[in-house]
Amino acid sequence: MKKISLLGATGSIGWQTFDILCSHPDEFKLVAFSAGKNIEKTRSIINRLNPELVSVQDEVDARTLQKEFPQIHFTYGSKGLVEVATHPESQVLVNAVLGSVGLESTLAAIRMGKTIAIANKETLVTAGHLVMAEAKKYNVPILPVDSEHSAIFQSMNGENPKQVERIILTASGGSFRDKTREELKNVTVKDALNHPNWSMGAKITIDSATMMNKGLEVIEAHVLFDLPFEKIDVLLHRESIIHSLVEYHDTSVIAQLGTPDMRVPIQYALSYPDRLPLVGGKRLNLAEIGQLHFREVDFDRYRALKLAFDAGRAGGTILTAMNAANEAAVALFLQEKITFLQIDEMIEQIMNDHHNILQPDLETILHVDRETRKTVESMVK
C-alpha cells in the first residue's frame, strides 16, 4: 500500500485524486492533505479517508475543524503545506495546488526522498532548474500528472531518450478555438469557463482559452524531458483523444490515446509502474468517434503561447514574472476587472519591462513572484 500526501485536495485535480483513492482503498492510503477554503469538501475527505494531518488556508478554519475531529492534527497556511508535503509516513506527494505556492513544499518533500506526482505546472515553470537538480541529488522520481506529459512519459517508456526527434503536445484550443482574435474583444467570464472537452478548475480553464496553459506545458516538457524548445511542438487537436506524441529518429511516432478523463494520468502517476482498473472509466471507441482533426497553431491568434515560448527560451526570472503576471491577470479577469484580451497584454508588458536574472535562487524567485503580482494589480488601480 502506498501512503499519499496530497496538496490541493479540494481543487479539480485534487478532488479527482480523492475519487481514485476511494476507488482503490487496498492500494492507497491518504495520510495527509491540504485544502483551501472549501471546508465542506474538506469534511467529506476526512470522513471518508480519515487522514492523520490536514492543513487548510485559514487559522480559524483549522481551529473549527480541530474541535470537530479531535483525533486529527490540523494546521494552516504555507507552513501547513510544507507539513503535509513532508509527513513522515507518506511515500508519494501529489502536488495539485494552483500556482507557485506549491514550490517550497515540493522542494521540502524531495529532500525527504518522496516520489513527486506533479500536477502543478507553475512549480516547474518558475523553478524547474531547482526542482530537477534537487530531484537528481536525492534520486527522487518526478512523475507527470498532466495528461500531455503523462502521454509523453508513457510514449517514452522503454525507449532511448537520446533517439527522440521531437515531442508534440496536443491542445484542444479551449473555449474560444473557433473565434478570431477580433471576436474575443467582448467575451465574458462565463463564455471563457465553458470548455468543450475537459472538466477543470476556473484558472486552468481560462489558461486553456488563452493557450497559456499549453505554454506552461511546453516549458514543463522542456524541464521534465530535458529537450530544447526546438524539439517541442504544439498541435491543435479538437477531440482531445490523442494526448501527446513522441517522434523518433527513424520517423516512428508513438502516441497515447484515451477519452478525456484526468483520472487516467492521475491514477497512472500513483500506480506507476503498474496500471489499475479505472472505476467508472469510459473506454475509447474510435469507430464511434469516426474522425480526428488537427491543425497548426497560429501564434498571432494565441499570443500567450508565443510569450511562453519566448520566456522559455530566455530562461531565468522572466519565467517567474510571466507566470505570476498570468496568475494575477487571470484572477482580475475572473473578477471582471479586465477584459479577456488584456490578460495577454498585461503579461507582455511585464515581460518587456522585466530585468532578467539567469539561474535564480529560491529567494530571488519568490521575490520576483511577489513583486510581479503587485505590479499587475497596480495596473487596474
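The values are calculated or read from the model by the stated rules, or taken from the named source; none is laboratory data. Bear in mind the structure is a predicted one, so any value in this text is a computation, not a measurement. Here the Cβ is made from the backbone with ideal geometry for all residues, glycine too, and neighbour counts use every protein chain on show. All accessible areas refer to the heavy atoms of the entire protein, side chains included, with ligands and DNA or RNA removed. Shrake-Rupley method; radii C 1.70, N 1.55, O 1.52, S 1.80 Å.
Tabulated data for the structure shown
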item	result
Region 352-381 residues that are over 22 Å from D310 (Cβ atoms), paired with ones that are among the hydrophobic types (A, V, I, L, M, F, W, C) and in a helix (DSSP H, G or I) (beta carbon under 7 Å, 6 or more apart)	L362/A127; L362/L130; E377/A328; V380/L332
Odd one out for A287 among (1) crowded, with 17+ Cβ neighbours inside 10 Å; (2) without any contact (Cβ under 8 Å) to a residue 60 or more places away in the chain; (3) in a helix (DSSP H, G or I); (4) aliphatic (A, V, I, L, M)	(1)
Within region 93-106, considering residues that are open to solvent by 10 Å² or more (accessible area, probe 1.4 Å) and among the β-branched types (V, I, T), the one modelled with the highest pLDDT	V97
Hits in region 244-259 - residues which are closer than 15 Å to R283 by Cβ and open to solvent by less than 50 Å² (accessible area, probe 1.4 Å)	Q256, G258, T259
Subset of region 197-207 (residues that are open to solvent by 10 Å² or more (accessible area, probe 1.4 Å) and part of a helix (DSSP H, G or I))	A202, K203, I204
1 or more residues open to solvent by 70 Å² or more (accessible area, probe 1.4 Å): qualifying helices (runs of 4 or more DSSP H) within region 295-381	303-314, 340-353, 362-378
Whichever residue in region 273-306 is out of contact with any Gly (no Cβ under 7 Å at 6 or more places or on another chain) and of a type in the set (A, V, I, L, M) and, among such residues, is farthest from I20 (Cα to Cα)	V297
Pairs, first under 20 Å from G316 (Cα atoms) in region 122-141, second modelled with pLDDT of 95 or more and open to solvent by 60 Å² or more (accessible area, probe 1.4 Å), C-beta under 7 Å, six or more apart	E134/R111
Region 32-55, residues that are within 22 Å of the chain's Cα centre (by Cα) and surrounded by fewer than 22 Cβ atoms within 10 Å (Cβ to Cβ)	G36, K37, N38, K41
Selection count, region 238-254, where residues are under 18 Å from G290 (Cα atoms) and at pLDDT 95 or above	3
